[in-house]
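Working notes for the structure below.
The values are calculated or read from the model by the stated rules, or taken from the named source; none is laboratory data. A quick note: this is a predicted structure, and the numbers were derived from the prediction, not measured. Here the Cβ is made from the backbone with ideal geometry for all residues, glycine too, and neighbour counts use every protein chain on show.
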2 protein chains.
Amino acid sequence: MAAPFSLIPMETIFSHRSIRRYLPDAVDDALLQKILEAGTRASNTGNMQVYSIVVTRDAALRRKLWEAHMRQDMVLEAPVVLTFCADVHRFSAWCEMNDATPDYHNFLWLYTASIDAVLAAQNVALEAEANGLGICYLGTTNYAPEEIIDILQLPRGVMPVTTLVMGYPAQTPPLTDRLPLAAVVHDETYQDYTDDTLRVLYARLESSEETKRLLALHGKQKIAQVFTDVRYASDGNRAASAACLKALVRQGFLPG
Amino acid sequence: MAAPFSLIPMETIFSHRSIRRYLPDAVDDALLQKILEAGTRASNTGNMQVYSIVVTRDAALRRKLWEAHMRQDMVLEAPVVLTFCADVHRFSAWCEMNDATPDYHNFLWLYTASIDAVLAAQNVALEAEANGLGICYLGTTNYAPEEIIDILQLPRGVMPVTTLVMGYPAQTPPLTDRLPLAAVVHDETYQDYTDDTLRVLYARLESSEETKRLLALHGKQKIAQVFTDVRYASDGNRAASAACLKALVRQGFLPG
């Protein structure tokens with residue numbers, strides 16, 4: 001069959017590593033524009049584009065965002081911080097101007113608009129990398145969302161979903177390992193795991209040099225304990241869950 | 001500066017169109033494997049890979065999914081259906097085997113794992129397109145999630161987030177238009193919209209040929225009313241929101 005698309009193999013996808021150290025070089029406006037355009041080419045619900053991208057370059061604002069992101073220094077170092085938001089506010093305002101009655105301040109549309117925001121973010125990330133820039137996603141976006149809402153002045157109907165820092169890399173980290181593909185792919189329906197299967201799938205992670213380093217560093221016996229006790233422990237999970245739900249009420253996506 | 005990555009411009013991103021008609025040709029196993037590998041190269045929270053991808057090719061199962069996806073025929077026609085799920089079940093089971101105490105059945109991790117699932121999905125979509133395949137996202141994944149949970153036998157801790165149908169395109173639709181970039185991009189902080197700004201930003205959408213066609217088809221005066229009254233109307237939004245929240249309770253991500 002004749003393929004209707006341009007077929008350029010995307011080595012960029014297989015070369016991705018998160019960049020946490022940046023050069024001070026600014027990102028050219030025209031390049032940034034092209035990268036953001038790439039974001040808007042992603043699929044989105046009903047072509048309604050219920051997301052917004054806040055581009056923060058001002059040093060004082062980035063310092064505030066650095067506080068909100070648990071003081072990860074890449075927020076100060078990278079010249080560009082992009083906050084991807086679910087946004088039903090703009091679309092709803094436009095509907096109201098047009099004698100239409102929008103009803104998108106609810107959980108379905110928070111979830112849908114969040115998916116759209118993330119699809120745009122990944123296009124932005126890849127287009128940036130394809131142009132020699134480095135990026136890192138900030139999961140801390142969901143830890144204290146109200147701080148970000150305040151700093152970026154997000155109105156009701158707008159929720160921060162994920163953040164990218166972006167700039168020219170000052171490091172070339174190795175590719176990180178992944179679980180074997182069989183760990184995340186299921187044939188036809190979900191194939192639940194036996195203990196034996198899990199042992200095989202996680203064997204490489206459990207025996208890696210990085211694991212040995214982390215066990216020594218944190219004084220743990222098992223790498224799973226580094227996740228559950230140190231990196232993503234119960235107290236922090238519960239506090240962030242509560243903060244997310246509170247922010248969703250404030251922004252109008254859940255009833256109070 | 002020397003760029004550490006392979007720098008291949010990704011025309012694929014700018015050529016994306018959703019494909020809704022498919023040829024019967026199967027997708028080669030080795031190609032599908034490479035495409036799924038591309039998904040796993042996306043950024044993810046703490047390299048925990050808290051997502052799963054269910055690959056459904058069986059015709060009888062696809063017919064069940066077709067019912068759950070509001071009988072969109074592309075679910076029957078495309079040879080491959082990929083359901084991307086937030087999945088804390090596998091990671092938690094592995095932790096429990098390793099004398100660690102996981103606490104990831106909560107809203108933070110639903111949201112975080114959903115973001116990871118969508119990042120993987122977009123890599124899969126782009127890698128598929130770069131190899132001559134077509135894809136379409138199914139927003140209906142969030143309309144009746146419990147039906148999908150039942151069909152794919154998703155255990156507690158696993159939530160369907162988005163779905164891709166995939167196969168060789170039997171159509172070449174035109175690129176869809178997008179809002180001007182200024183509609184979705186904000187400088188430094190969120191810049192709220194005036195009515196005048198919205199009129200300018202939505203002018204192209206309001207006056208397009210497709211809009212004229214839809215207004216005539218649905219007997220509406222304004223295109224916004226096609227969204228609020230026909231495509232994404234209040235009753236459906238509320239039913240799907242309730243269904244999502246109920247599914248999140250069932251899967252252990254929200255308290256009952």
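Below is a table of values for the structure above.
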item	result
Test: residue in region B:117-136 that is facing chain A (nearest Cβ under 7 Å), without any contact (Cβ under 8 Å) to a residue 24 or more places away in the chain and among the aliphatic types (A, V, I, L, M)	no
Residues of region A:21-64 satisfying the condition of being of a type in the set (Phe, Trp, Tyr) and more than 17 Å from the chain's Cα centre (by Cα)	A:TYR22
Pairs with Cβ under 8 Å, 6+ apart, first in region A:98-109 and more than 7 Å from every other protein chain (Cβ to nearest Cβ), second modelled with pLDDT of 95 or more	A:HIS105/A:VAL88; A:HIS105/A:SER92; A:HIS105/A:ARG156; A:HIS105/A:GLY157; A:HIS105/A:GLY252; A:HIS105/A:PHE253
From B:GLU147, B:GLU210, B:GLU206, residue being of a type in the set (Asp, Glu) and under 30 Å from B:LEU32 (Cα atoms)	B:GLU147
Within region A:198-241, considering residues that are polar (S, T, N, Q) and in a loop (DSSP other than H, G, I, E, B), the one nearest to B:ALA93 (Cα to Cα)	A:GLN221
Checking B:ALA130 against (1) out of contact with any strand residue (DSSP E or B) (no Cβ under 8 Å at 6 or more places or on another chain); (2) surrounded by fewer than 24 Cβ atoms within 10 Å (Cβ to Cβ), the condition it does not meet	(2)
Residue in region A:33-51 that is in contact with a Cys (Cβ under 9 Å, 6 or more places away or on another chain) and either more than 7 Å from chain B (Cβ to nearest Cβ) or exposed (fewer than 15 other Cβ atoms within 10 Å of the Cβ) (or both) present	no
Single condition B:ASP58 does not satisfy, out of (1) of a type in the set (Asp, Glu); (2) crowded, with 21+ Cβ neighbours inside 10 Å; (3) facing chain A (nearest Cβ under 8 Å)	(2)
Residues satisfying the stated conditions in region A:168-179, i.e. among the hydrophobic types (A, V, I, L, M, F, W, C) and modelled with pLDDT of 95 or more	A:ALA170, A:LEU179
Some residue of region A:20-29 being farther than 13 Å from A:MET166 by Cβ, in the same structural domain as A:CYS136 (by TED's automatic domain parsing), among the aromatic types (Phe, Trp, Tyr) and buried (at least 16 other Cβ atoms within 10 Å of the Cβ)	no
Subset of region A:11-32 [of a type in the set (Ser, Thr, Tyr) and at the interface with chain B (Cβ under 9 Å from one of its Cβ atoms)]	A:THR12, A:SER15, A:SER18
Qualifying position, being touching a helix residue (DSSP H, G or I) at 6+ places or on another chain (Cβ under 8 Å), within 9 Å of another protein chain (Cβ to nearest Cβ), of a type in the set (A, V, I, L, M) and within 16 Å of A:THR140 (Cβ to Cβ), among A:ALA240, A:ALA233	A:ALA240
Hey, A:GLU129 under 25 Å from B:ASN47 (Cβ atoms), part of a helix (DSSP H, G or I) and of a type in the set (D, E, K, R) or not	yes
Residue match in region B:176-185 (condition: more than 7 Å from chain A (Cβ to nearest Cβ), over 18 Å from the mean Cα position of the chain (by Cα) and not aliphatic (A, V, I, L, M))	yes
Extreme residue, surrounded by the most Cβ atoms within 10 Å (Cβ to Cβ), among residues of region B:215-229 that are in contact with a Leu (Cβ under 8 Å, 6 or more places away or on another chain) and hydrophobic (A, V, I, L, M, F, W, C)	B:ILE223
Single residue of region B:132-149 satisfying the filter (touching a Gly at 6+ places or on another chain (Cβ under 9 Å) and not in a loop (DSSP other than H, G, I, E, B)) that is farthest from A:ALA144 (Cα to Cα)	B:GLY134
Residue match in region B:150-167 (condition: in a helix (DSSP H, G or I), within 9 Å of chain A (Cβ to nearest Cβ), farther than 30 Å from B:GLY256 by Cβ and modelled with pLDDT of 95 or more)	no
Residue within region A:180-188 that is β-branched (Val, Ile, Thr), within 18 Å of A:ARG63 (Cβ to Cβ) and at pLDDT 95 or above present	no
Residues located in region B:35-52, provided they are under 17 Å from B:TRP109 (Cα atoms) and either in contact with a His (Cβ under 8 Å, 6 or more places away or on another chain) or without any contact (Cβ under 8 Å) to a residue 24 or more places away in the chain (or both)	B:SER43, B:GLY46, B:ASN47, B:SER52
Matching residues in region A:197-221 - criterion: being hydroxyl-bearing (Ser, Thr, Tyr) and away from chain B (no Cβ under 12 Å)	A:SER207
Test: B:ASP177 is over 30 Å from A:ALA60 (Cα atoms), among the charged types (D, E, K, R) and part of a helix (DSSP H, G or I)	no
In region B:185-214, the residues that are surrounded by 16 or more Cβ atoms within 10 Å (Cβ to Cβ), aliphatic (A, V, I, L, M) and without any contact (Cβ under 8 Å) to a residue 12 or more places away in the chain	B:VAL185, B:LEU198
From the options B:ASP87, B:ASP58, B:ASP116, residue that is under 20 Å from B:LEU23 (Cα atoms) and acidic (Asp, Glu)	B:ASP58
